[in-house]
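Structure record follows, encoded as C-alpha cells.
The values are calculated or read from the model by the stated rules, or taken from the named source; none is laboratory data. Everything numeric here is computed off the predicted structure, so don't read it as measured data. Here Cβ is always computed from backbone atoms with ideal geometry, including for glycine, and neighbour counts include all displayed protein chains. Keep in mind that these areas ignore ligands, DNA and RNA; they rest on the heavy atoms of the full protein, side chains included. Shrake-Rupley method; radii C 1.70, N 1.55, O 1.52, S 1.80 Å.
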Amino acid sequence: MIANQFVGLVLKNKSESCKNITYLKTVIMGNKKYNQKQILRLISFTILIFSFLAKTNLYAQNIPSPESVFGHEVGATYHLINYEQSIDYFMKLAEASNRMEIVQVGHTSEERPWYISVISTPQNLKNLEKFRENNMRIAHPEGLSEENLKELIKDQPVFIDINGGLHAGEIAGSQHTNQFAYELMTMNQEEFKYFFENTILVLWPTLNPDGQNIVVDWYKEIKNTDHPTAPLNKVYQKYVGHDNNRDGYMLNMQESKVLAHTWRNWEPEILHVHHQQGHSSEQTDYHRIWLPPFASPVGVHTPPRILREMNTLGMQMAQELETRGLTGATHLGEAYDAYYTGYNDYINMYHNTIAYWTEVDGGQNQWGEPYKIAEEKVLEKLGTFRARNLLVSPWKGGQWNLSDQVEYMVAVNYGVLKYAKNNREDILYNRYKAGMETIENYPEASPAAYIIPQEQDDPNNAVTMLRRLAFNGVKINQFTKETTIGELSYQAGTWVIPTNQVFGNLVPEILGIQEYPHIMQGDELKVPYDVAGWTLPYSMGVDVHPIADPLSDKTVQAMTPVKGVPTKWDANKKAEFTANAVAAGIVSPTKAIEGSGSFLVLDPTVNHSYILINRALKNGGKVTHHKNGYNSRSNGQYIVSGIDKNTLSTWVKELNIPGQWTKTNSGKSLNRLRIGLYQPWHGSLYDVGWTQWLLEEHEYDVDLLYNNAFKDGKTIKNYDVVIFPSIGTARRGGENKDSFILHGYSKDETLEKYAGGIEEEGVNALKSFVADGGKLVFLNESTEFAIKHLNLQVENVVKDKNRGDFYGSGSLFRAKINQDNAIMSGVSKETDIYFNNSPVFKTKNGFQGSVLVSYPETATILRSGYLTGEEHLKGNAAALQINQGKGSIVLFGFSPQWRGQTFGTFKMLFNSLYH
Ligand SMILES: [Zn+2]
C-alpha cells in the first residue's frame, strides 16, 4: 500500500491506492527460489522458538523472493541492489502481503521520492493511525497521569524504527533491509504474531537513497577496470557525504529534515541505525559487530533510564547473535563515544527514544569485497580465544562476505524485535516517565530557561537557530508584554525556551556550554570521537541569556506558546522548517528602511546582506564598500546602487535585513565575482561540500574546479578568486604525506582519470594566478599546503605538537578581530571561531600583509569544548591576509563555515572573496 504523505498518516485502503500505481500490478507470483541457507536458518530459528509450530508456510508462497526479483540473493558477492530496485521490491512485497504498508516521507536532494515501509499484523496496521496517536501522547505526556497511562498502553504496541543506514558506502545496510523484509513477509503466521502482536516496525530501505545509487553506479564504473577497488571519487550524499550523520541539530541538509520530520511524526520508542566499520585485508580482527553500550563520555543530558535501556538492548542483540552462533559481537565501549549531540542517530536520545547505532565489520571497500583471515593470525593478535566478559566469543577468522554482513545485521534486528516485544510495557512506561522526569527535573537541573531577545546583531541568525530547535520538537514561547527578570527587562516578542518541557534536555545540549572531560587512556589523552564543543549561541553569534533560577509565576503568565501557520510539507520536493507550526511562527519583526535617497546601505554583520549584494551584482547593479561603520557597532558598510528602489525594497523585505537609504555611493567598487572552488576526486573531504552549500545558499555562483583546471595553466585565469576548503593529507597511508591537493590518489589507487592532484604545474599556475592579481582563499587544513608550496613567510606553531602538549580540536575559541581590515567588516571586536584540526600561525621575517584574527594574550581562549596547551595560542594568529604580486592570499586557520553551523563567522569568508 502506498500513502502519499506522512503528515496525518492518511493511509488509503490497499486496493484503492494501488489502482494508481500500474507497475505494482506486475506482481511476481510463483516462480520463487528460496535461498537455501536462509531456509535452513529460518527453520532452525523457528524450531528454537516454536518447535511445536514447525510446518509448511503456505502464506509465503505468494511473496516474491529477492532472487526472483533481483536475479541473485541479497548479499551475493559483487551483486548490489540500487535504490530503485529496492523500492520496487518493497512495493512488490507490500502488494503481495497484508503485513506491510509503504509510505512516502519526502524527497531526497536529488528529488527521488523517499519511501519507508511499516510492518505489523494486519490488525495493527488497520489501527495504525490510532496507535500512532497514542504513541505521540506517550511521547508528549504532559498532564497524563500514571493511571491514565496504564489504560492507554494496555494494547499499545511499541514503535520500532530500523533502517538501512545513513552511510551508503557502508553497503550492507541498504542491502540487508531487502532480506529482512522478505523474511518478515514469509514468516509463518504464529511466528509473525509472536514478533508483531505487540510491535510496529518502521523499516526504511535506506536513510541515504541518493548515496545508494552513487555507490552502486561507481561500482559499475570500476568493476571491470584495472582498479576494481578504487575509492569513491565523490561524496555519497549531496554536499556532505559521510557528514550526513553530523547534522542532527542543525538540519541544514534536505535529508536531515526529512528524517527529523518523520521521526517527530512517529516518535518511535527504539531507533536503530546500521553502520559499518571499514576493513582492509591487512587488518586482523576478532570483532564482527559493535553494539551499545557506547564508550564514555556520553552526552551530559542523556536521560538515564533511556540510556540504561539502550545498554540492555545492546546486550539483547549480543545474545541474539550468540543464540544463532554468530561470533565476534563486542560493544562500542571499546571505540565509539556518544558525546556529540549532532549525530542524527544519537540526538533522538534527547527525545527519550532509545536511539543508537551499531557497526558491522565491512568488507574491504564500499561494496563489501570479501576477505579471509587465517585463524592463526587472529590468535596471534588476541593471544587466546578464551571468553572475555564483553567479548564472549571472539571471531576466529575465516571468510567474511557481504552475505555475512547482511546476516549479522538481520540477526540483530531480531534481537531488537524480541527486546521490544518482551519489554513492551516497560519500554512504554520508561518513554513516558523520561518525558515526565525531564519536565519535573527542571528547573532544579538548571537552567530554567533560555531567553533570546529579538534585538540581535543579525536578527535572522536567532530565527534560524530557533526554527531548528522547533523542528526538533522543542516548544518555544514569547513574552506578550515587557517582562523583567533579575536586572534585565525584555520587550514583548522576546523568545523564551523553558527547559521544563518533554524534550527539555536537548536545549542545554545545544545552547549550553560543553565541557569535554579530561580522560586519560593509559598515557594518552582520550580525544572525542567527533568534536568537543558546538554551543550554538557562540558559533552563530546569537545573544542568548540562560536563566538559572526558576521562572516566577508572573514571568510564566507573561508567556504564550509560539504557533504559526505551517507550510505544506515537502512542497516543491523541498523540506522546509516552516512545515513545523512552531517554526513557522518564529519570525523576527521587520523594520522599515530609514533615511532618504535611492541607494541602499547594508550592514555587513548580517549574512543575508550578502545575498542582496550578489543579487544586485547579477542584475547589473553597483555595490561599493565603505569603511565607515553601518552603525556604532558595525565596522564597514556596503552601498547598493543602480537597482530600482522597488526591487531593493522587495529584497530587503524578503531577506528580512536592516537597511538605510542614502544619496551617495562612495567607496571601493565590488566586482561580480567569478568564484572557483577546488574539488578533489575524493569521496570523504566534506568541507568542500559544506563550503559549496553555504555559498549557494547565499546566492554566490560557484564553479567546481578539478585538478585539470589548475594543471592546464589556463582555466583558473577565468576566475577572480579560488577557494581551497579544508583538505589535509587525507591519504590512505603511503610514504607521501603531502597534501591531497598536490598529488591526490596515485594511479595505483584509482582510475587514471581520477588520479593525481594539481601537481607542480598546478602549483605554478597558482603562483602566476596570484602574481597577476588573483585571490586565493585557503581554509583550515589547506593552509598547510599554501604555506609549504606557495612559500609564505608563515609558520604553524602547533604542527608537530603531540596531544599531551596541545589539543583543542572541535572547540570554540575566543579570538580578537582586526576591524581595520575590510575582510572583517561586520565582525565584532571579539568573536568566537571554530577550531578543528587547525593550525596556529606566527609570521616570519619578510611577511607582507596583515593579521586578520588572533588569539588574545590575556583572556581565556576556550569558550566551549576542550583545550590543553593554551599557551601555544596566546598572541598568535588565526587568520592572515598576505600580499603577493598584484594579488593576495587569505589563510583561515580555523573553519569559518564549519558544517554550515558557524553563522557568526560566515561573513569572514564572504568578505574575503571581495577584499
Ligand atoms: Zn557509518
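Numbers for the structure displayed
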item: Residue in segment 133-144 that is at pLDDT 95 or above, closer than 26 Å to Q212 by Cβ and open to solvent by 20 Å² or more (accessible area, probe 1.4 Å) present; result: no
item: Inter-residue pairs, beta-carbon under 6 Å, first more than 9 Å from the ligand (Cβ to nearest atom) and in segment 160-171, second at pLDDT below 95 and open to solvent by 10 Å² or more (accessible area, probe 1.4 Å), 6+ apart; result: I171/Q366
item: Meets criteria (modelled with pLDDT of 95 or more and surrounded by 24 or more Cβ atoms within 10 Å (Cβ to Cβ)) for T121; result: no
item: Residue list for segment 230-248, restricted to those being more than 16 Å from the ligand (Cβ to nearest atom) and touching a Ser or Thr at 6+ places or on another chain (Cβ under 9 Å); result: A230, N233, K238, Y239
item: Flag if E696 is part of a helix (DSSP H, G or I), over 27 Å from L790 (Cα atoms), without any contact (Cβ under 8 Å) to a residue 12 or more places away in the chain and in contact with a strand residue (DSSP E or B) (Cβ under 8 Å, 6 or more places away or on another chain); result: yes
item: Lone unmet requirement of (1) outside any loop (DSSP other than H, G, I, E, B); (2) away from the ligand (no atom under 16 Å from the Cβ) for W395; result: (1)
item: Positions within segment 252-285 being within 16 Å of the ligand (Cβ to nearest atom) and open to solvent by less than 10 Å² (accessible area, probe 1.4 Å), in sequence order; result: M253, E255, S256, L259, L271, H272, V273, H274, H275
item: Complete set of residues in segment 332-348 that are surrounded by 24 or more Cβ atoms within 10 Å (Cβ to Cβ) and within 11 Å of P292 (Cβ to Cβ); result: A338, Y346
item: Residues located in segment 77-108, provided they are open to solvent by 30 Å² or more (accessible area, probe 1.4 Å) and over 26 Å from Q189 (Cβ atoms); result: T77, Y78, H79, E84, Q85, D88
item: Condition met for A449 (open to solvent by less than 30 Å² (accessible area, probe 1.4 Å) and within 24 Å of the chain's Cα centre (by Cα)); result: no
item: Residue in segment 609-622 that is open to solvent by 50 Å² or more (accessible area, probe 1.4 Å) and of a type in the set (A, V, I, L, M) present; result: no
item: Hits in segment 575-596 (condition: under 27 Å from the mean Cα position of the chain (by Cα) and open to solvent by 40 Å² or more (accessible area, probe 1.4 Å)); result: E576, V587
item: 3 or more residues within 23 Å of the chain's Cα centre (by Cα) and farther than 19 Å from K421 by Cβ: qualifying strands (runs of 3 or more DSSP E) within segment 81-184; result: 100-107, 113-119
item: Residues being loosely packed, with under 14 Cβ neighbours inside 10 Å and closer than 15 Å to W290 by Cα - total across segment 389-401; result: 1
item: Residue within segment 208-217 that is open to solvent by 10 Å² or more (accessible area, probe 1.4 Å), out of contact with any Phe, Trp or Tyr (no Cβ under 7 Å at 6 or more places or on another chain) and more than 16 Å from the ligand (Cβ to nearest atom) present; result: yes
item: Any strands (runs of 3 or more DSSP E) falling wholly within segment 830-915 and containing at least 1 residues that are open to solvent by less than 10 Å² (accessible area, probe 1.4 Å), in contact (Cβ under 8 Å) with a residue 24 or more places away in the chain and within 18 Å of V721 (Cβ to Cβ); result: 849-854, 877-884, 887-892
item: Leading residue by the ranking (nearest to the ligand (Cβ to nearest atom)) among those in segment 346-377 that are part of a loop (DSSP other than H, G, I, E, B) and modelled with pLDDT of 95 or more; result: T353
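Conditions tested, residue by residue: (1) open to solvent by 50 Å² or more (accessible area, probe 1.4 Å); (2) within 22 Å of the chain's Cα centre (by Cα); (3) assigned by TED's automatic domain parsing to the domain that holds Y115; (4) over 29 Å from R803 (Cβ atoms).
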| position | (1), (2), (3), (4) |
| --- | --- |
| Y516 | no, yes, no, no |
| L525 | no, no, no, no |
| L536 | no, yes, no, no |
| I547 | no, no, no, yes |
| L551 | no, no, no, yes |
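For (1) at negative phi; (2) in contact with a Pro (Cβ under 8 Å, 6 or more places away or on another chain), each residue gets a yes or a no:
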site: Q277; (1), (2): yes, no
site: D285; (1), (2): yes, no
site: R308; (1), (2): yes, no
site: L313; (1), (2): yes, yes
site: G328; (1), (2): no, yes
site: M349; (1), (2): yes, yes
site: F385; (1), (2): yes, yes
